[in-house]
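Note sheet for the following structure.
The values are calculated or read from the model by the stated rules, or taken from the named source; none is laboratory data. As the structure is a prediction and not an experimental result, all values here were calculated from the model. Glycine also receives a Cβ, built like all others from the backbone with ideal geometry; neighbour counts cover every protein chain displayed.
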Amino acid sequence: MSTEPRTIRLRAPDNWHAHFRDGPMLDFLVPVFLDSGWRRRIVAMPNITPPVLTGERAVWYRDALLARARAHDPATTFEPVMTIQITESTTGDTVSEARALGVGLGKVYPFMVTTHSGNGVQDYDRIYPALEAAEEVGLVVQFHGEHPSDDIEGLNKEAGFTAILDRIRARFPKLRLTMEHITSRAAVDWVKAQDENVGASITVHHLFTTVDDVLGYSKASGGLMRVHCGCKPQPKWRDDRAALNEIALSGHPRFFYGGDDAAHLRRRKENEGSACGVWNTMAALPLLVDLFDRENKLDRLDPFLSEFGARFYGYDVSAESLTLVEEPWRVPAEVEAPGMGDTVVPMCAGETLKWRVQA
Ligand code: NCD
Ligand code: ZN
């Protein structure tokens, strides 16, 4: 007698923060997103080379992503959501022109904290002209919330960033903004205390890991430092992870999923200096279903994945659906990146997860 495995049907999930890269890496990554269940809206982060600084470049990037997706699946309903990077040189006109070309989002990186952030912001007063235009034309601004000052140490950079956001909010109260990939109780509390103009994205790795997983103190890490768990902002303490889990599971409408899927070639991770980023694209949905299921909150997963973010950013909720099956699924230990002579190591590499995405 065979029993059918359990299945769960979700609305096709959105992902409000992801890195597609460009060139051969883009060609490799787009199909992985689609095959892993990320088939609807995905925010395409602008930190490619050269970066996406204008509406024109965003349109070029969107077309490149769409072309790749359609080559993989002609019937795809994938919708890249474009964001331009806002730097100290971004003018109000650049923001308005991007908005007129259909770009709804802007992204702010702090100087030299993460991948390709050499053009990031040091003095936040200098982006006020761009923020003023964003407030006026309704461009939502996504902040990588880590303080660029050397005076604030790494694990405190996110909590320290709320002081910068407080000043921005006081000056531009109608600006819609998000704190991206939040990692700390301090950030959760700060976002909760704001009004409807402020949201936050949460990744899967920050729901699952802590700094001990990165530094090799957790039993699961076997005493070894785990560069593939390393990203910016770094995972924090257990209490911070608990705060992220509580808020994600609580159904708070201003906290939604953004994976910060950040693939790097193995040689860029396993090196003297290790690039920041977790490649969670394949494991994310099985892990999230398992988490919400274990907590008996499966009904809250759909809104977290496909409703709260859409509402915040002014989109309709998707009509499509996605099914996951409760069947053991082994995450590959690494995946070959064609034409690049290397592989990329996914989150949960080599582990067997409880759920798999139906093709
Ligand atoms: C991202 C990347 O690799 O582009 N890395 C990361 O650790 N999150 C950049 C970013 O979002 O900060
Ligand atoms: Zn990112």
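Taking the listed residues Phe28, Phe20, the one that is more than 25 Å from Leu101 (Cα to Cα) and among the hydrophobic types (A, V, I, L, M, F, W, C) is Phe28, with no other qualifying.
Residues in the stretch 290-318 that are hydroxyl-bearing (Ser, Thr, Tyr) and either surrounded by 18 or more Cβ atoms within 10 Å (Cβ to Cβ) or in a helix (DSSP H, G or I) (or both): Ser306, Tyr313, Ser318. Only one entry in Glu136, Glu132 is away from ligand 2 (no atom under 16 Å from the Cβ) and closer than 26 Å to Arg41 by Cα, namely Glu136.
Scanning the stretch 235-278 for residues that are of a type in the set (A, V, I, L, M, F, W, C) and touching an Asp or Glu at 6+ places or on another chain (Cβ under 6 Å) turns up Leu249, Leu265. Looking for something surrounded by 23 or more Cβ atoms within 10 Å (Cβ to Cβ), closer than 30 Å to Val32 by Cβ and of a type in the set (Gly, Ala, Ser) - is there at least one such residue anywhere in the stretch 165-188? Taking every residue of the stretch 165-188 in turn, at least one turns out to be surrounded by 23 or more Cβ atoms within 10 Å (Cβ to Cβ), closer than 30 Å to Val32 by Cβ and of a type in the set (Gly, Ala, Ser). With respect to being crowded, with 19+ Cβ neighbours inside 10 Å, within 16 Å of ligand 1 (Cβ to nearest atom) and in contact (Cβ under 8 Å) with a residue 60 or more places away in the chain, Ala275 fits the description. Restricting His205, His181, His228, His147 to those that are at positive phi, modelled with pLDDT of 95 or more and within 20 Å of the chain's Cα centre (by Cα) reduces the list to His181. If the condition is being surrounded by fewer than 19 Cβ atoms within 10 Å (Cβ to Cβ) and either within 21 Å of Val43 (Cβ to Cβ) or in contact (Cβ under 8 Å) with a residue 24 or more places away in the chain (or both), then the stretch 190-206 contributes Lys192, Gln194, Glu196, Asn197.
For every residue, the table says whether it meets (1) more than 16 Å from ligand 2 (Cβ to nearest atom); (2) farther than 24 Å from Asp93 by Cα; (3) not in a helix (DSSP H, G or I).
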site	(1), (2), (3)
Gln142	no, no, yes
His147	yes, yes, yes
Asn156	yes, yes, no
Ala163	yes, yes, no
Asp166	yes, yes, no
Pro173	yes, no, yes
